[in-house]
Amino acid sequence: MDNNKVKFALIGCGAIADKHVAAIERLDNAEIVGACDINSAAAEEFIKKYSIATYMDVEKMISDTNPDILIILTPSADHEERIAALIRFNKHFVVEKPLALKVSHIDKIFEECREKELKIFVVQQNRFNPPIQKLKEAMDKGRFGKLVLGTVRLRWRRDQDYYDKKAWRGILELGGGILANQANHHIDILMWMMGDVESVVAKAATRLTNIKSEDTVVVILKFKNGALGIIEATTAARPKDLEGSISILGEKGSVEIGGFFMNELKIWNFLDFDEMDKSLWERYAKVPDEFAWSHTKFFKNVVENIKYNNKWAVDAFGGRKSAELVNCIYKSIETGREVFLDSLENFL
């Protein structure tokens with residue numbers, strides 16, 4: 001084994017594991033040394049696809065493979081408990097979104113990792129989409145001037161069969177529903193672009209599925225910089241998926257990125273020309289058509305941070321901000337009132 005490689009191990013062998021395997025296998029300085037799942041069917045299916053040592057006992061996997069980083073791919077509600085059980089092994093963590101469902105759980109994770117000087121990375125791979133990267137660059141350059149409106153639209157189809165296959169997907173307390181599950185990436189990108197949120201007003205409905213959480217949400221946001229925002233999210237699009245998009249409007253420009261997952265540049269209009277505009281449409285308008293391409297960029301960043309202490313592109317604190325916002329959205333849905341994020345009583 002090459003000692004220069006960063007060694008990963010998977011905790012959870014479900015469908016999302018395929019993207020993690022594909023991404024890490026493309027990196028010369030990283031490898032997956034083991035995988036674990038307490039579900040024997042999931043472990044057996046994983047073994048059929050990959051020549052990776054697979055276990056049903058996590059302690060044995062860690063003992064046998066000695067990974068540098070544990071990748072948590074278990075259901076959302078399990079993340080805090082899983083990390084608490086594994087932190088004694090003194091490994092860094094990569095955690096699928098959301099980092100945890102409750103702000104108090106995230107704070108506990110941060111405290112435990114800080115005490116042991118462990119790093120934690122949250123999988124927000126869409127930050128690496130080329131059009132999203134260029135949008136962030138334009139935002140950081142101040143090309144929009146005064147921000148006016150930031151909007152994300154998630155219009156996907158998820159039938160009853162999708163929720164029936166894994167019960168947690170439709171149970172709010174387990175991380176089900178569109179806010180914690182599907183829309184988490186869109187919320188992260190919106191806040192990354194527009195900044196901190198001052199208040200939210202939200203409505204939710206369960207329209208076309210028999211689940212114990214929402215399948216449709218509309219949120220109006222006020223950002224601390226004075227701009228407004230909209231989150232429109234539904235898994236009740238029929239008969240097929242429509243879009244996963246973000247648009248930013250400011251006094252000096254407008255940008256829209258659409259496609260299925262904020263992966264295709266649709267509109268790029270600014271009053272003033274910038275050098276970055278020259279090759280924009282040819283080089284950065286789309287995510288390359290390669291399975292788990294953005295995950296590969298995410299893991300490249302993780303490896304470079306571990307090996308060389310390079311800057312993180314996905315600060316784990318962003319996962320806390322997303323959780324704060326989702327908590328306040330649910331509080332607004334519950335009370336029918338505008339909810340302010342600075343009020344700590346809103347956070348679980």
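Tabulated data for the structure shown
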item: Number of positions in the stretch 291-312 that are buried (at least 19 other Cβ atoms within 10 Å of the Cβ) and of a type in the set (A, V, I, L, M, F, W, C); result: 6
item: Filter result for residue 251 (assigned by TED's automatic domain parsing to the domain that holds residue 134, farther than 28 Å from residue 22 by Cα and in contact (Cβ under 8 Å) with a residue 40 or more places away in the chain); result: yes
item: Total residues in the stretch 6-39, condition touching a residue at least 60 places away in the same chain (Cβ under 8 Å), in a helix (DSSP H, G or I) and hydrophobic (A, V, I, L, M, F, W, C); result: 3
item: 2 or more residues within 20 Å of the chain's Cα centre (by Cα) and surrounded by fewer than 18 Cβ atoms within 10 Å (Cβ to Cβ): qualifying helices (runs of 4 or more DSSP H) within the stretch 57-126; result: 103-115
item: Residue list for the stretch 125-148, filter: in contact with a Gly (Cβ under 7 Å, 6 or more places away or on another chain) and not small (Gly, Ala, Ser); result: 143, 144, 146, 147, 148
item: Some residue of the stretch 40-56 being part of a loop (DSSP other than H, G, I, E, B) and charged (D, E, K, R); result: no
item: Residue in the stretch 177-197 that is of a type outside the set (Val, Ile, Thr) and over 18 Å from the mean Cα position of the chain (by Cα) present; result: no
item: Check on residue 52, at negative phi, among the β-branched types (Val, Ile, Thr) and buried (at least 22 other Cβ atoms within 10 Å of the Cβ); result: no
item: Test: residue in the stretch 321-328 that is within 26 Å of residue 26 (Cα to Cα), in contact (Cβ under 8 Å) with a residue 40 or more places away in the chain and within 18 Å of the chain's Cα centre (by Cα); result: no
item: Filter result for the condition that a residue is among the polar types (S, T, N, Q) and more than 20 Å from residue 201 (Cβ to Cβ), over 245, 322; result: 245
item: Qualifying residue in the stretch 184-200 (condition: in the same structural domain as residue 255 (by TED's automatic domain parsing), of a type in the set (D, E, K, R), over 16 Å from residue 333 (Cα atoms) and part of a strand (DSSP E or B)); result: yes
item: Residue count for the stretch 260-284, restricted to those that are under 17 Å from residue 127 (Cβ atoms) and either surrounded by 17 or more Cβ atoms within 10 Å (Cβ to Cβ) or charged (D, E, K, R) (or both); result: 6
item: Qualifying residue in the stretch 148-155 (condition: crowded, with 16+ Cβ neighbours inside 10 Å, in contact with a Leu (Cβ under 8 Å, 6 or more places away or on another chain) and farther than 26 Å from residue 267 by Cα); result: no
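Residue by residue, here is whether (1) under 18 Å from residue 261 (Cβ atoms); (2) among the hydroxyl-bearing types (Ser, Thr, Tyr) holds:
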{"position": "143", "(1), (2)": "no, no"}
{"position": "148", "(1), (2)": "no, no"}
{"position": "153", "(1), (2)": "yes, no"}
{"position": "156", "(1), (2)": "yes, no"}
{"position": "163", "(1), (2)": "no, yes"}
{"position": "173", "(1), (2)": "no, no"}
{"position": "182", "(1), (2)": "yes, no"}
{"position": "187", "(1), (2)": "yes, no"}
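The values are calculated or read from the model by the stated rules, or taken from the named source; none is laboratory data. From a predicted model like this one, the values you see are computed outputs, not experimental measurements. Every residue, glycine as well, gets a Cβ built from its backbone with ideal geometry; the counts of neighbours run over all protein chains shown.
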